[in-house]
Amino acid sequence: MECPKCRKNAPDDAYDCPLCGTKIRERQDGRKSKRRLFKREKKRKDKRSDPARMPDPEAEGEKKIRLRVKAKKEISEKLGYTALGVSAAVIIVVIAVLLSALLTQDGEKYAESAAEFIGRDVAKFQNDTNIHLSESSAFDAVNEAVSFDYIYESEDRLRAGGKSYPEWAVFVKVSSYNYITDVVYTDFTRIKKDMRGKKIDAEITLDRFAKGDKRTSVLKYIDLDPYSISRSETGAVTYTFKYYFERSNGDEQAALLRAVFDEDDRYQYCTNELLIDKNL
């Protein structure tokens, strides 16, 4: 076979010229392509059979568990935020109720402060407590119905029996020398729904109690909020309750209960006055 470049003779089975190296003919056996194909197939096979690349059942199980735990955690957090929101709302309502209760008790606290000055000059009380008393109420209904020398009252008002009243008032009486003799706290919210007070099942009697019984026991039995609390220079503390009940004939009867205690909070006596309409 003749080399196309150097024109020298080469063996018949040669693929390259032995003298100049020129390629004489193509290989016909396809071994190179088969070798490459074999390498590719082997590589794919090795890749499929590589343990490191095959899915691990245990790892997959752990992954699913982690996903479930994460989902449960997210649900718990959402429920926690919801519960927190509900709790916050409940707390806000409770705080509002407590603040409302505290505001309604301000008058009683002022009355207790004034009672500490019973027997002393009213001017000293005002100077020491910075509570400035007035000689008349801002409400005509109070001026017409209550006898007092000085008053300290709530600015918040309510309507009862077609008239306006402060929510509470502290009434102060003084002697001719301007010394405090009596302090009365009145909670007008007790008559907001009905001028007669609260409706109960029957007339209240305190016959079961004896002189000297504890104030707490008597008040617990009465189970009504006082309309007024009066403190006098004698040391007596009088709780007044307004209520009404239905008589056997079907008529509604209004009543005024007064329970008197000494300065040691011991029960002394009571009066229970049945009222007629003109005395309400």
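The values are calculated or read from the model by the stated rules, or taken from the named source; none is laboratory data. This one's a predicted model, so the numbers in the text were calculated from it and none came from an experiment. Note that each Cβ is placed from the backbone with ideal geometry, even for glycine, and that neighbours are counted across all protein chains shown.
Computed quantities for the displayed model
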| read-out | value |
| --- | --- |
| Odd one out for R258, checked against (1) in contact (Cβ under 8 Å) with a residue 40 or more places away in the chain; (2) out of contact with any Gly (no Cβ under 9 Å at 6 or more places or on another chain); (3) of a type in the set (D, E, K, R) | (1) |
| Leading residue by the ranking (surrounded by the fewest Cβ atoms within 10 Å (Cβ to Cβ)) among those in region 107-137 that are farther than 14 Å from Y185 by Cα, within 39 Å of the chain's Cα centre (by Cα) and not polar (S, T, N, Q) | H132 |
| Tally of residues being of a type outside the set (S, T, Y), over 26 Å from K192 (Cβ atoms) and touching a helix residue (DSSP H, G or I) at 6+ places or on another chain (Cβ under 6 Å) across region 217-271 | 2 |
| Some residue of region 79-89 being farther than 30 Å from D128 by Cβ, at pLDDT below 60 and outside any loop (DSSP other than H, G, I, E, B) | no |
| Boolean, K214 is under 38 Å from the mean Cα position of the chain (by Cα), surrounded by fewer than 16 Cβ atoms within 10 Å (Cβ to Cβ), on the phi < 0 side of the Ramachandran plot and not β-branched (V, I, T) | yes |
| Residue in region 233-246 that is touching a residue at least 40 places away in the same chain (Cβ under 8 Å), closer than 19 Å to T186 by Cβ and basic (K, R) present | yes |
| Residue within region 198-206 that is of a type in the set (K, R), in a loop (DSSP other than H, G, I, E, B) and surrounded by 14 or more Cβ atoms within 10 Å (Cβ to Cβ) present | no |
| Count - residues of region 226-246 that are surrounded by 14 or more Cβ atoms within 10 Å (Cβ to Cβ), farther than 28 Å from G119 by Cα and of a type in the set (D, E) | 0 |
| Which numbered condition S176 fails, given (1) assigned to a loop (DSSP other than H, G, I, E, B); (2) out of contact with any Gly (no Cβ under 7 Å at 6 or more places or on another chain); (3) in contact (Cβ under 8 Å) with a residue 60 or more places away in the chain | (3) |
| So D140, is it within 30 Å of the chain's Cα centre (by Cα) and more than 20 Å from R266 (Cβ to Cβ) | no |
| Residues (among the β-branched types (V, I, T) and part of a loop (DSSP other than H, G, I, E, B)) located in region 233-280 | T234, I276 |
| Unmet requirement for T186, which otherwise passes all of (1) more than 14 Å from Y227 (Cα to Cα); (2) of a type in the set (S, T, Y); (3) modelled with pLDDT of 95 or more | (1) |
| One residue from K242, K220 being more than 30 Å from R120 (Cβ to Cβ), basic (K, R) and touching a strand residue (DSSP E or B) at 6+ places or on another chain (Cβ under 7 Å) | K242 |
| Matching residues, region 170-200, being under 27 Å from Q126 (Cβ atoms), over 29 Å from the mean Cα position of the chain (by Cα) and not hydroxyl-bearing (S, T, Y) | V170, F171, V172, K173, V174, N178, I180, D182, V183, V184 |
| Unique residue being in contact (Cβ under 8 Å) with a residue 24 or more places away in the chain, in a loop (DSSP other than H, G, I, E, B) and within 15 Å of S230 (Cβ to Cβ) when the list is F117, F148 | F148 |
